[in-house]
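Undergrad: Would you mind keeping the following structure in view while I ask a few things?
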Amino acid sequence: YLAGVGGMGIGVAGEILTRAAHKEGFHVGFIDKKGLAIRNGGVFSHITFSRNPIEGTATMPWGKADLLIGIDALEAARACSPDQPLRVASPGFTSAVVNIAKTETILSLMGREDFEPEELGQLIASQCKPGAFFSFNVGDLCERLLDSKLYANIMMLGVAYQLGFIPLNYKSITWAIRHA
């Protein structure tokens, strides 16, 4: 499950994973929710890989995502909230990689509410398997290394891959990046 807001590249990251999995012979199901390129445009991508075509449905059962990639911490936290009908994460199944760079909401820009991404990271970590949570400020890292936050989605995929959370090989992923 990939979580973010419009303009963060959720669709591109989802396409990369879908192409790489298909190249490796998986049956792939996916559903993307598009959004506006502003804070109120929540975006997500459900992706399932299966060796059996019958199991290759796109939507995840409640609380059973193997991996949550949170390019936006607030949207990732929504995917973990026990009171949400679309909850995908749970401590029995889920690993997570989360960007804790703060992306302001319209209400926080107006001074009506505020949130701390580090606190959201703690909430998300509580809904992951023990030892299977990683967070950092990928926006700042991309800005320092690449002079742009534009590549945060790809960097998040790289981190998840290096942690062993993505069951695909390096060659398939790099091929998919070149062809996305």
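The values are calculated or read from the model by the stated rules, or taken from the named source; none is laboratory data. Note that the structure is a prediction, hence the values are computed from the model and not measured. Counting neighbours? That spans all protein chains shown, and the Cβs are built from the backbone with ideal geometry, glycine included. We work out accessible area using only protein heavy atoms, side chains counted, and drop any ligands, DNA or RNA first. Shrake-Rupley method; radii C 1.70, N 1.55, O 1.52, S 1.80 Å.
Undergrad: Which of Ile100, Ile69, Ile124 moves most in a GNM of the chain, Cα contacts under 10 Å?
TA: Result for the chain, Cα springs under 10 Å: Ile100 fluctuates most.
Undergrad: Rounded to the nearest 20 Debye, what is the dipole magnitude of the chain about its Cα centre when Lys and Arg each give +1 and Asp and Glu each give -1 at the C-beta?
TA: Once rounded to the nearest 20, the dipole reads 600 debye.
Undergrad: How are the Cα pair distances of the stretch 83-126 distributed, in percent, across 5 Å bins from 0?
TA: With 5 Å bins starting at 0, P(r) equals 5, 19, 20, 22, 20, 10, 4, 1.
Undergrad: While we're here: Across the chain, how many lysine pairs, 8 or more apart or on two chains, come within less than 28 Å at their alpha-carbon atoms?
TA: For the chain, qualifying lysine pairs total 19.
Undergrad: Sticking with this one: Which whole-Hz ³J(HN,Hα) couplings does the stretch 143-151 yield from phi under the Karplus relation 6.51 cos²θ - 1.76 cosθ + 1.60, θ = phi - 60°, glycine and proline marked x?
TA: Karplus values, whole Hz, x for Gly and Pro: 4, 5, 7, 10, 6, 6, 7, 4, 9.
Undergrad: Taking 8 Å as the Cα distance limit and 6 or more residues as the minimum spacing, I'd like the relative contact order of the stretch 75-149 as a percentage.
TA: Relative contact order of the stretch 75-149: 37 percent.
Undergrad: Can you pull the Kirkwood radius for the chain, inverse mean 1/r over Cα pairs, to one decimal in Å?
TA: 16.3
Undergrad: How do the peptides 153-161, 102-110, 130-138, 86-94 rank, highest first, by the average count of neighbouring beta carbon atoms within 10 Å per residue?
TA: The most tightly packed comes first, giving 153-161, 86-94, 130-138, 102-110.
Undergrad: Could you compute the FRET efficiency for Leu150 and Glu119, with r as their C-beta to C-beta distance and R0 at 22 Å, rounded to 0.05?
TA: Rounded to the nearest 0.05, the efficiency is 0.25.
Undergrad: Determine the per residue accessible area of the chain with all protein chains present and a 1.4 angstrom probe, expressed in square angstrom.
TA: Solvent-accessible surface per residue comes out at 52 Å².
Undergrad: Tell me the carbon and sulfur percent of the accessible area for the stretch 41-180, rounded to whole percent, probe radius 1.4 Å.
TA: Answer for the stretch 41-180 is 56 percent, counting heavy atoms of protein chains only.
Undergrad: Another question, if that's okay. So, taking all protein chains as they sit and a 1.4 Å probe, how much accessible area belongs to Trp62, in Å² rounded to tens?
TA: My reading of the accessible area for Trp62 is about 140 Å².
Undergrad: What is the distance, in nm, between label points placed 7 Å from the Cα along the Cα-to-Cβ direction at His22 and at Ser81?
TA: Between His22 and Ser81, the label points sit 3.4 nm apart.
Undergrad: If you line up the long axis of helix 10-23 against the longest principal axis of the chain, both from Cα atoms, how many degrees apart are they, to the nearest 10?
TA: 10
Undergrad: Next question. What order do Glu116, Glu24, Glu75 take when sorted by accessible area (1.4 Å probe), most exposed first?
TA: I get Glu116, Glu24, Glu75, largest accessible area first.
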